[in-house]
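Take a look at the structure below.
The values are calculated or read from the model by the stated rules, or taken from the named source; none is laboratory data. Quick caveat, the model's predicted, so the values are computed rather than measured. Ideal geometry is used to build each Cβ from the backbone, glycine not excepted, and the neighbour counts take in all protein chains shown.
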2 protein chains.
Amino acid sequence: MTQINSNFLNLQGSYLFSEIAKRRTKFIQDNPQAEIISLGIGDVTRGLPEAVTKAMHAAVDELAVPGTFRGYGPEQGYDFLVNAIIENDYKARGVDIKSNEVFVSDGSKCDVGNIQEIFSTDSIVAVQDPVYPVYVDTNVMAGRSGLFDSGIGRYENIVYLDCTAENDFKPSLPDRKVDLIYLCYPNNPTGMTLTKDELKVWVDYARENNCLILFDSAYEAFITEADVPHSIYEVEGAREVAIEFRSFSKTAGFTGIRCAYTVVPRELKGFDKDGSEVVVNDLWNRRHTTKFNGVSYVTQRGAEAIYSAEGKEQISGLVDYYMTNARIIRDGLASLGLEVFGGVNAPYIWLKTPKGMDSWAFFDKLLSEANIVGTPGVGFGQSGQGYFRLTAFGSRENTEKAVERIRNLSL
Amino acid sequence: MTQINSNFLNLQGSYLFSEIAKRRTKFIQDNPQAEIISLGIGDVTRGLPEAVTKAMHAAVDELAVPGTFRGYGPEQGYDFLVNAIIENDYKARGVDIKSNEVFVSDGSKCDVGNIQEIFSTDSIVAVQDPVYPVYVDTNVMAGRSGLFDSGIGRYENIVYLDCTAENDFKPSLPDRKVDLIYLCYPNNPTGMTLTKDELKVWVDYARENNCLILFDSAYEAFITEADVPHSIYEVEGAREVAIEFRSFSKTAGFTGIRCAYTVVPRELKGFDKDGSEVVVNDLWNRRHTTKFNGVSYVTQRGAEAIYSAEGKEQISGLVDYYMTNARIIRDGLASLGLEVFGGVNAPYIWLKTPKGMDSWAFFDKLLSEANIVGTPGVGFGQSGQGYFRLTAFGSRENTEKAVERIRNLSL
C-alpha cells in the first residue's frame, strides 16, 4: 500500500478564495442581473505596460529561428534580468546584492511555498495573523504545524503573531523560541507597514535568537512614505538573517505571465544536526536547480523591460493608478465613519466591519446588498475576524461605483 | 539555531550537467580555437513552430489592454489547453481522461520533482538505472534515500532496476516491496522503449503489489514503432496505478518557454496511516494550487496552437528533423562497429564505449580529440558505466560533422 503524506490531511477546508468563488457563483446564479464588482482576490486588471509587451514580442521573434533560439536558460534566471534587478531594486537604494544571491522564479507564491523545504521539519514557524494562507499551508504539508485545534482555529505548533488595530498591526516579538519568522511588508492583507526602525527590532531579534526571517515584500512598489524600507536589507545586519521575496505580479501586471525573485544572501547560515554551519544559499540553489527549470525567456525579457526608462515610467503610471483607487476607497469609507487601515503604502484597504459584524456576515451583506465581492478578514486568520479586505486593483470606474454603493448601504 | 533539512547533505556532488559544463569550459579556455559540437544536454535547437509564435504574439497583444487582459488563471491550466490535450493526446488514442485529471505546469522537471511530496517519507522508491537524476535527488531531499554508499555508488534505501545491454534495457521487476516506481519511456537516457505487453507486466505488478507507477513520457512524440504505447493509459488497469508526465519541451521546442502536464486519474488511491483510502488526485490538486500559480498565459496559448492543423504539421516536421539526426548518428556509429541503442523511438542514442572505456574517459577523449560534448552514461547511474549518450537535438550540419569526426577517431 502506497502511503500518502498524512500531513496533507491536517489541511483545513478549501483555500479561502475557493469559498469566495463558491458564494459568488451561487449569488450570480440566484441573481443573474446583478452587476458584480470584484475587489476580492488581489489580481490586477490593467494591461501590461507597452515596454513589456514590446520586449515580449521581440523575444518571441528571437525564439522563432534557430540563429537566435534559446532553449533551457539558467535556472536562476538570465544575467540580463538578474543584473537589472541588482542595479535598480538594490544598488539604487544603497544595498549590495551579488548575482549568485538572486534566484528568478515563476512566482512568489511558489518561492514562499517552497522555501521551507530547505529547513528541518522540526523548525518552529512563526507567522503574522492575519496571514497569507500559503505560509501556513505549506508548513502544514511539511509536518511542522501539528494538529489543527478547531476550538481556537489554529494549529498547535505554529506561533501566531497577532496584528490588530489594538497594536496598530505591529506584532509583538515571539514569546517562545522560533526558528523561522514569516514577515510580510507592506502587509497582505492589512496593507500596513513597519518603519525602518521597527523592522530593525525584528532583524536584531533574529540575530540575537538565531532565527531566520522570511521577508515577503511583494508589494514594495506601492510604498509612498519615506521612512518605510523597500528592502529588509536596508536594515543593518539583515543579510545574516533574512531571505527576501519580490514579485513582478502586482508591480507590473505579471500575475498572468509569472515572474518573481528571491534573494538569499551568502552570509545566511543554518545548522545541521551536528551544529555545523551550512550556507543556506547553497541549499536553495540546489533546490532551485533540481526542481525548477527557469522562467520563460519571453517573460524574463518582459521583466527586464520594466527597468528601462520607458518601462519605469509606465510602471509608475500603473502604481499611481492603483494607489489612486486605494485613496478613493480609503477616503470614501472613512468619510462614512468606518475604521480603515492600509491603502497608503499598499494596494489593500483593511477595514473594521461595522457594528462588530463577523467577517463572513459582512461578506454576505456586501455581496447581496451592494453586489461587491471582497475578502473576509477571518479567512486570513483568527485575528482577521471582524475585519475585511478590499483591493485597489479594480478599474477606476468600478472602484468609484463600489464606494458609492457602500455609501448607500445601511451600515 | 535554525536547523536545515539535513537530507540535503546526502546529495552527491553537483548535478551531472554542471560537471560537463565545467570540463567543457576548461577545454575551451585551453583550446580557444576548437569548434565544439554539443550533443550533450537534451536541449532542442530549432526555432519554435510558426503556429506557436503566432499564437504567442496574439496572446501578448491580448494582455496589452484591460478589455482582454488576463491575470491569474486556473492553477491547473486554462480549459482551452486542457481540452486540446484531452482530445488530441488521449481521446485520439482511445484513452478517456477527464479535465480534472490534467494539471498543466511549467515543466516535467518540476512535476517529477514535486510529485513525491504527496507521498509518505517512508515510501520505498524504485528507479531504473541509468536514470534521470531528478527522480533520485528529489527523494534524497525528502529523506527517502538513506545514506549514499560510495563503495557501490548508490543510496542504501533506493531500489535500483538495472537496464543494460544484457537485459535489452528492460528491467526486472523489483526483488523487494516498493511503493513508488519511476518508469521513463521512451527512456532517457537509453532511448529504449517497452512494447504494450511489456508495459502491461508493470501495470499488473503495481496492481497486485499495491504500488504506484510514476510514468515519465516526455519523449512520447518521438515514437515511430506501432507496438510502443504512447501513454501508459493504453494499458488496461493503468488508471488505478499510474501517474503520467508529459512535456512540450522536446515535442515543440518549449524548453525555453516552459510547459508540461501531469495526469492523475481519479481512480488512483493511496492510503493514510490508518489504512483508509485517499484519492491521490485531491492531494496533487491541493499541492498544485497551494505552491504553484499557473503557467504563463502566453505559453499556454502557444501550447494550444500545437494542436491546430498547422501546428501538428509543423511539430511533425520538427520531430522528423531530429529523428533524421538520430538515424544519422545511429547508423554512422553502427557502421564503425560501435554497439548502439535507442534512436528509433527517441531522440537519444546510447552507445557502448569502445574497448570497455570508462564513461568519463570516453567523454574526455571525445571532447579533446573530436571536440564533441556528449553525456557520460555513468552520470545517470552505475549501470550507465561504460555507456555514453548522444542527442539528436543538434543541427543537421553539426550532427553530420560530429559523426564524421568520430569516424576519424582511432577507437
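Listed residues A:Gly256, A:Gly275; which is within 12 Å of another protein chain (Cβ to nearest Cβ), farther than 26 Å from A:Val378 by Cα and buried (at least 22 other Cβ atoms within 10 Å of the Cβ)?
On the way: A:Gly275 fails: buried (at least 22 other Cβ atoms within 10 Å of the Cβ).
Just a single option satisfies the conditions, and that option is A:Gly256.
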Discussion item. Restricting to segment B:371-397, name every residue that is assigned to a helix (DSSP H, G or I), touching a strand residue (DSSP E or B) at 6+ places or on another chain (Cβ under 8 Å) and of a type outside the set (Ser, Thr, Tyr).
Written reply: B:Gly377, B:Val378, B:Phe380, B:Gln382, B:Gly384
Response to the item:
With criteria (1) within 30 Å of A:Ser308 (Cα to Cα); (2) not in a helix (DSSP H, G or I), A:Met56 comes up short on (2)
Discussion item. Yes or no: segment B:163-171 includes at least one residue that is more than 14 Å from every other protein chain (Cβ to nearest Cβ) and buried (at least 23 other Cβ atoms within 10 Å of the Cβ).
Written reply: yes
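Filter segment B:331-371 for residues that are touching an Asp or Glu at 6+ places or on another chain (Cβ under 7 Å) and touching a residue at least 60 places away in the same chain (Cβ under 8 Å); which is surrounded by the most Cβ atoms within 10 Å (Cβ to Cβ)?
B:Asn345
Within segment B:278-285, identify whether any single residue is of a type in the set (Val, Ile, Thr) and surrounded by fewer than 22 Cβ atoms within 10 Å (Cβ to Cβ), and answer yes or no. Full working, then the answer.
Of the residues in segment B:278-285, the ones of a type in the set (Val, Ile, Thr) are B:278-280.
Subsequent filtering for residues that are surrounded by fewer than 22 Cβ atoms within 10 Å (Cβ to Cβ) retains B:278-279.
Yes; the residues of segment B:278-285 include at least one that is of a type in the set (Val, Ile, Thr) and surrounded by fewer than 22 Cβ atoms within 10 Å (Cβ to Cβ).
Matching residues to (1) among the acidic types (Asp, Glu); (2) within 11 Å of chain A (Cβ to nearest Cβ); (3) farther than 28 Å from A:Gly302 by Cα; (4) surrounded by 14 or more Cβ atoms within 10 Å (Cβ to Cβ):
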site: B:Gln3; (1), (2), (3), (4): no, yes, yes, yes
site: B:Phe8; (1), (2), (3), (4): no, yes, yes, yes
site: B:Arg24; (1), (2), (3), (4): no, no, yes, yes
site: B:Leu48; (1), (2), (3), (4): no, yes, no, yes
site: B:Asn83; (1), (2), (3), (4): no, no, yes, yes
site: B:Ala92; (1), (2), (3), (4): no, no, yes, no
site: B:Ile97; (1), (2), (3), (4): no, no, yes, yes
Discussion item. Just the residues that are of a type in the set (Gly, Ala, Ser) and out of contact with any Phe, Trp or Tyr (no Cβ under 7 Å at 6 or more places or on another chain), please, taken from segment A:382-400.
Written reply: A:Ser383, A:Gly384, A:Gly386, A:Gly394, A:Ser395
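For segment A:39-74, name all the residues that are out of contact with any Pro (no Cβ under 7 Å at 6 or more places or on another chain) and basic (Lys, Arg).
A:Lys54, A:Arg70
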Discussion item. Looking at (1) small (Gly, Ala, Ser); (2) closer than 30 Å to B:Gly294 by Cα; (3) crowded, with 24+ Cβ neighbours inside 10 Å; (4) more than 14 Å from every other protein chain (Cβ to nearest Cβ), which one does A:Ala238 not meet, given that it meets all the others?
Written reply: (2)
Worksheet item: Any idea which of (1) part of a helix (DSSP H, G or I); (2) of a type outside the set (S, T, N, Q); (3) modelled with pLDDT of 95 or more is the one A:Lys250 doesn't satisfy?
Response: (3)
Worksheet item: Counting only residues that are touching a residue at least 12 places away in the same chain (Cβ under 8 Å), away from chain B (no Cβ under 14 Å) and not in a loop (DSSP other than H, G, I, E, B), which one in segment A:26-46 is farthest from A:Gln300 (Cα to Cα)?
Response: A:Phe27
Worksheet, complete the sentence: Taking segment A:213-235 and the residues there that are in contact (Cβ under 8 Å) with a residue 60 or more places away in the chain, farther than 17 Å from A:Asp111 by Cα and among the acidic types (Asp, Glu), the one that is surrounded by the most Cβ atoms within 10 Å (Cβ to Cβ) would be A:Glu234
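Quick one: count up the residues across segment B:104-127 that are touching a Ser or Thr at 6+ places or on another chain (Cβ under 6 Å), in contact (Cβ under 8 Å) with a residue 40 or more places away in the chain and surrounded by fewer than 24 Cβ atoms within 10 Å (Cβ to Cβ). I'd like the intermediate steps shown before the answer.
As a first pass, look at segment B:104-127 and keep what is touching a Ser or Thr at 6+ places or on another chain (Cβ under 6 Å): B:108, B:111, B:113, B:116.
Of the ones still in play, those that are also in contact (Cβ under 8 Å) with a residue 40 or more places away in the chain are B:108, B:111, B:116.
If we keep only those that are surrounded by fewer than 24 Cβ atoms within 10 Å (Cβ to Cβ) as well, we get B:116.
Count: 1.
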Discussion item. Regarding segment B:200-212, can at least one residue be identified that is within 29 Å of A:Gly73 (Cα to Cα), in contact (Cβ under 8 Å) with a residue 12 or more places away in the chain, assigned by TED's automatic domain parsing to the domain that holds B:Tyr185 and surrounded by fewer than 22 Cβ atoms within 10 Å (Cβ to Cβ)?
Written reply: no
Response to the item:
Going through segment B:99-119 in order, the residues found to be within 12 Å of chain A (Cβ to nearest Cβ) and under 14 Å from B:Arg287 (Cα atoms) are B:Ser105, B:Cys110, B:Asp111, B:Val112, B:Gly113, B:Asn114, B:Ile115, B:Gln116, B:Glu117, B:Ile118, B:Phe119
Worksheet item: Can you name the residue in segment B:123-148 that is more than 11 Å from chain A (Cβ to nearest Cβ) and part of a strand (DSSP E or B) and, of all such residues, is farthest from the chain's Cα centre (by Cα)?
Response: B:Phe148
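Which of the residues spanning segment A:59-80 are assigned to a loop (DSSP other than H, G, I, E, B) and among the charged types (D, E, K, R)? Outline the logic, then answer.
Initial filter on segment A:59-80 (assigned to a loop (DSSP other than H, G, I, E, B)): A:64-78.
Hits for segment A:59-80 are A:Arg70, A:Glu75.
Among the listed residues B:Gly384, B:Gly379, B:Gly343, identify the single one that is of a type outside the set (Val, Ile, Thr), under 25 Å from the mean Cα position of the chain (by Cα) and modelled with pLDDT under 95.
On the way: B:Gly384 fails: modelled with pLDDT under 95; B:Gly343 fails: modelled with pLDDT under 95.
It is B:Gly379.
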Worksheet entry | Condition check for B:Glu267: closer than 24 Å to B:Ser123 by Cα, surrounded by 23 or more Cβ atoms within 10 Å (Cβ to Cβ), more than 7 Å from chain A (Cβ to nearest Cβ) and free of Cβ contacts under 8 Å to residues at least 60 places away in the same chain | no
